[in-house]
1. Rank C:L99, C:L143, C:L16 by mean-square fluctuation in a GNM of chain C with C-alpha springs under 10 angstrom and give only the top-ranked residue.
2. Using a 7 Å offset from the Cα along the Cα-to-Cβ direction at both C:A132 and C:A71, what is the distance between the two label points in nm, to one decimal?
3. Classify chain A from the C-alpha gyration tensor, please: rounded if a/c falls under 1.5, else prolate or oblate depending on whether a/b exceeds b/c.
4. Using the Cα centre as the reference, give the magnitude of the dipole from point charges on the C-beta atoms of the stretch C:138-311 (Lys, Arg: +1; Asp, Glu: -1; all else neutral), rounded to the nearest 20 debye.
5. Under the rule of -39500 (n - 2.57) per DSSP H run of 4 or more residues, summed and divided by the residues of the protein assembly as shown, what mean residue ellipticity at 222 nm is obtained, to the nearest 500 deg cm²/dmol?
6. Run the quick spin-label model on A:V13 and C:A10: label points 7 Å from Cα toward the beta carbon, then report their separation in nm to one decimal.
7. Springs between alpha-carbon atoms under 10 Å, Gaussian network over chain C: tell me which of C:V296, C:V22, C:V142 tops the mean-square fluctuations.
8. Provide the FRET efficiency to the nearest 0.05 for the C:A164-C:A106 pair, computing r from the beta carbons and using R0 = 22 Å.
Amino acid sequence: MNALEGLAALLLVAGSSFFLAGTVGLLRFPDALSRLHALTKADNVGLLLICSGLGVLAGSLQTAGMLLLVWLLAMLAATVSAHLIAGRALADDTPELPGEQDDTP
Amino acid sequence: MTVLLPAVVVFLLLNLVAGLWRVYTGPSAADRMLSALLFGSTTVAILLLLAQWQDSPALRVAALLFVMLAAITSIAFVAMVQGGAARRQPATRANGTKS
Amino acid sequence: MSLAIDLLIATGLVVLAWQALVGGSLFRGIVMFIVFGLTMALAWARLGSPDLAMAEAAIGAGVTGALLMIAYWRLRALGANRPAPRSPLRARVALGVGLLSAVLVAMIGLAAVGAIGPGGEAGQALAEALPATGLGNPITGVLVIFRNLDTLLEVAVLLAAYVASRAVMGDDKAALPLPPAQDAPLVGALVAVLAPLAVLVAIYLLKAGSQLPGGAFQAGAVLAAGGVLLMLAGRLHPAPLCGVGLRIALVAGTVVFSGVGLIMLALGQPLLAIPGTWAVYLIETAMMISIGATLVLLFAGSAGLTGTPRR
């Protein structure tokens, strides 16, 4: 394993650990806003580290550009989604249809 | 690398399985949407890893499509809530803080 | 290691499908279905079908998720006090249909086990005939040249679906207008980036589809996702009438595809013979436009679209 592969491995493992942190936060944190806080780490940093690791591994500028584009778009989507869902979680006053399990906050 | 890439894929898949618990229990609709959001980015990461491991560049395009369109469901989710609330109580958003 | 990946995906798919259908919370079922779509894309990736992974991504993330969300909202708006009636007859019919589906799935599974892979007769014939067409993507070759009657009928089915939706909805029951997005600045910024990007990516997929995975169906689905985004952001609205441009877009795929086929028949060639790569691009472009327009209109549930809202 050469130095580049070692760097890629490091980045991939670090990225996975951020995804793990996101999942643990999603499962363990007490309310929707805290959970949102946890999962944005996985969204932003985890995906960035995995993309960087894969970019190092791919060794082609075109592939690296594609990975960068994926990450930038993921940031855009995650920002908008997180903002919208957080607003919904704050203003949550609509239970689900009756006859279902309660879905109030 | 031929071992690490699939190992990371398995690890991320196990993360997804664990995250399913949050989709199942909720309790609020926003919680379920949040989990779907995390699932989306994890799936994209797995697709990118598979693209490298299986030497299939087209999977990167599939990952690109997922991230590009990921926000659409969230916007529909919020539109749904606002529409549903507005229909019964037109002024509900004006002081729409958590009760 | 690859066995572990495949087992996790396969088990996950079964569990998610079950959870998407089982009772409890309707919204939970919707989210389970969205996650099912994500996992299905992974399954296609593992099966070596990036074309299908792309289609799943475009349809699942761009159209179905939003469709189910809006359907859920309309269900609430229509009357949250009416739980679905449960009659013993329906349960019996459902049981019968379920058993029939199980038998069908088992038969398909058995056939798949015994099926001949790409090395079989049809696969070899395809591999030999493909270079002469100038196409590099065997799936586009099958769709547009070798089995193009099927594809033509698929495009016609989409058109029929639109007509059927008009028949069911009727003009008096025009679709409920979508509520305008509240967080307009942020959603507006997203639209400013994504709407042009969707067009660009659709054209890329169409262009790449001749040599690489991609093609008219994926490109059309991406265009449709762009249209859905415009509708959700309040830039496009349902309209009671279908404009001339939209009508042309709806029938373009069927007309161009069958037109090329009939012209070749008139020139003494077999029906639906494809004269060259340019014809493949022409047909795929028309199909992309039709698929995109039909999917957006099916999402809107209206006859047409307009930039300015009614009322």
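1. It is C:L99.
2. With each label point 7 Å from Cα toward Cβ, the separation is 4.5 nm.
3. Working: a/c = 3.74, a/b = 2.31, b/c = 1.62.
The shape class here is prolate.
4. On the way: 8 positive and 6 negative charges, 50 e Å.
With only Lys, Arg, Asp and Glu charged at Cβ, the dipole is about 240 debye.
5. On the way: 18 runs with 373 residues, N = 515.
About -25000 deg cm²/dmol.
6. 3.1 nm
7. C:V22
8. Details: r = 31 Å, r/R0 = 1.40.
Using R0 = 22 Å, I get an efficiency of 0.10.
Values in this text are rule-based calculations from the coordinates and carry no lab data. These numbers were taken from a predicted model, which means no experiment stands behind them. Methodologically, a virtual Cβ is constructed for each residue, glycine included, from the backbone with ideal geometry; neighbour enumeration extends over all protein chains shown.
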